[in-house]
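Engineer: First, the structure itself, so that you have it in front of you.
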Amino acid sequence: MPSRLLSAVLAGLLSLSALATPTSVSAVNMPAWLERDGQKKPLLPGMTLQSEDIIHTGRGARVLLKLPEGSQVKLGEEAVFRMDNLNLSDGRTTPFTGVLNVLKGAFRFTTGLLGKPRKREVDVRIATITAGIRGTDIWGKADAEKDVICLLEGSTSVRRDGESAVHTLDQPLDFFIAPKGKPSLPVAKVDAVKLQNEWQPQTEPQQGKGLASAEGKWRLVIANVANQDEALDWYDTLQDAGFAAKIRPLAGNRYRVSIEQLATEADAHALGEQLKTEFSAPSISVMPMGS
């Protein structure tokens, strides 16, 4: 192969190697929704996300996202989160870039050991606070009273809309608060027990409490009925409420409405009890997917 052609082919392969899989949904405690182009649908493990997507979470919900360069985003209940200007770089040769907008609720950005050397140029906006992310682990929250950002590892500089000061967080447990309608407070230290027992659990996926995951292999059957309209009613009710239901025709003119990819059998049973309470589902059952 001519050297120029070989060089071109190798350059193309190298550029492809720098592209990773898109941002994706790793796990969900429902209810949660994906909003894209003005349309909302339930969030499902395995979904790929793109710029300008908005994630909404309901009461008791959690969401775990995996970014192309290996870092993770965790969202708490009743959150609104939008991603802008994302690329597909895996961070090995060119930086992964994007803007992560936490419009409401609790949020965590974390990088595993393998992902720490990767290149990233990410800005996190927690309502009125902006922080630059390189290899940082942060927790934050936006609510009606204040916007908060707390450093767990690494370092970052933060600034608040309308204020000229730039604040540096460079020690674990450093945190910055921007009260609504009041000047920002000086950088301070959060109590480690408060962080561990009160703040961090707000964003952690709830294992054993209805968690669905990309690797989940359990199915929760909500309805197994002979009437197609009844099955569609169950499907629509669950979908509208942020639960990623599926409907499937079965032998004998029956229809099954289910939620799949539950992480464990315990998760499937826990979600079943939740739906019994919320929707008075009459015939809940749990089985492995594929059965």
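The values are calculated or read from the model by the stated rules, or taken from the named source; none is laboratory data. From a predicted model like this one, the values you see are computed outputs, not experimental measurements. Quick reminder, even Gly has a Cβ in these numbers, built from the backbone with ideal geometry, and neighbours come from all protein chains shown. Accessible surface is based on the protein model in full, side chains and every heavy atom, while ligands, DNA and RNA are left aside. Shrake-Rupley method; radii C 1.70, N 1.55, O 1.52, S 1.80 Å.
Engineer: In nm, to one decimal, how far is the modelled label at T128 from the one at T110, with both set 7 Å along Cα→Cβ?
Structural biologist: 2.9
Engineer: To continue, here is another question. Beyond 30 Å between alpha-carbons counts as too far, so tell me which of K119/K209; K66/K209; K104/K194 fall in that bin.
Structural biologist: Numbers: K119/K209 35 Å; K66/K209 21 Å; K104/K194 21 Å.
Among K119/K209; K66/K209; K104/K194, the Cα-Cα distance tops 30 Å for K119/K209.
Engineer: Using a Gaussian network for the chain with springs between C-alpha atoms less than 10 Å apart, which of these wobbles most: A188, A223, A245?
Structural biologist: A188
Engineer: Something else now. Plugging the Kirkwood radius over Cα pairs into Stokes-Einstein for the chain, at a temperature of 37 °C and a viscosity of 0.692 mPa s, what D comes out in µm²/s? Don't jump to the answer; show the numbers that get you there.
Structural biologist: Numbers: Rh = 20.7 Å.
In µm²/s, the coefficient rounds to 159.
Engineer: Projected onto the charge dipole of the chain (+1 at Lys/Arg Cβ, -1 at Asp/Glu Cβ, origin at the Cα centre), which of L173, A127, A61 gives the Cα projection farthest towards the positive end?
Structural biologist: L173
Engineer: Gaussian network model of the chain, Cα springs within a sub-10 Å range: biggest mean-square fluctuation belongs to which of V148, V190, V63?
Structural biologist: Result for the chain, Cα springs under 10 Å: V190 fluctuates most.
Engineer: Which value, in debye to the nearest 20, gives the size of the charge dipole of the stretch 159-288 about its Cα centre, when Lys and Arg are +1 and Asp and Glu are -1 at the Cβ?
Structural biologist: On the way: 14 positive and 18 negative charges, 15 e Å.
Charge dipole of the stretch 159-288: 80 debye, to the nearest 20.
Engineer: So with the 1.4 Å probe, I'd like the accessible area per residue for the chain, rounded to whole Å².
Structural biologist: Numbers: 14240 Å² over 291 residues.
Ligands and nucleic acids excluded, the result is 49 Å² per residue.
Engineer: I need the shape label for the stretch 128-225. Rule: rounded when a/c is under 1.5, else prolate if a/b > b/c, else oblate, with a, b, c from the alpha carbon gyration tensor.
Structural biologist: On the way: a/c = 2.63, a/b = 2.19, b/c = 1.20.
It comes out prolate by the Cα gyration axes.
Engineer: What relative contact order, as a whole-number percentage, does the chain give when Cα pairs under 8 Å and 6 or more residues apart are counted? Walk me through the numbers on the way to the answer.
Structural biologist: Values: 748 pairs, mean separation 41.5, N = 291.
Reported relative contact order: 14 percent.
Engineer: Sticking with this structure for a sec: Per 0.36 nm of contour for each residue apart, how much would the distance between T264 and R248 grow if the chain were fully extended, relative to their Cα-Cα spacing?
Structural biologist: Working: separation 16, 0.36 × 16 = 5.76 nm, distance 2.18 nm.
Gain in length upon complete extension: 3.6 nm.
Engineer: Then there is this: Near L173, within a Cβ-to-Cβ distance under 15 Å, what is the net charge of the other residues, with Lys and Arg +1 and Asp and Glu -1? Provide the component values of the computation, followed by the final result.
Structural biologist: Numbers: positive: R108, K189, K194; negative: D137, E153, D170, D174, D191, E198.
Spelling it out: positives minus negatives among the neighbours equals -3.
Engineer: For the stretch 147-291, take N as its residue count and report Rg(C-alpha) divided by 2.2 N^0.38 Å. Walk me through the numbers before you get to the answer.
Structural biologist: Working: Rg = 22.8 Å, N = 145, 2.2 N^0.38 = 14.6 Å.
So the Cα radius of gyration is 1.56 times the expected 2.2 N^0.38 Å.
Engineer: Please give the length that would be gained between N85 and T21 if that part of the chain were fully extended, namely 0.36 nm times their separation in residues minus their C-alpha to C-alpha distance (nm, one decimal).
Structural biologist: 21.5 nm
Engineer: With each run of n ≥ 4 DSSP H residues scored as -39500 (n - 2.57), what mean residue ellipticity at 222 nm is computed for the chain after dividing by its residue count and rounding to the nearest 500 deg cm²/dmol?
Structural biologist: On the way: 3 runs with 43 residues, N = 291.
Result for the chain, helices only: -5000 deg cm²/dmol.
Engineer: Let me ask another. Among E204, E273, E69, whose mean-square fluctuation peaks in a Gaussian network model of the chain (Cα, cutoff 10 Å)?
Structural biologist: E273
Engineer: Between A241, Q274, V221, whose Cα lies farthest towards the positive end of the dipole of the stretch 218-274 when Lys and Arg beta carbons carry +1 and Asp and Glu beta carbons carry -1, centred on the Cα centre?
Structural biologist: V221
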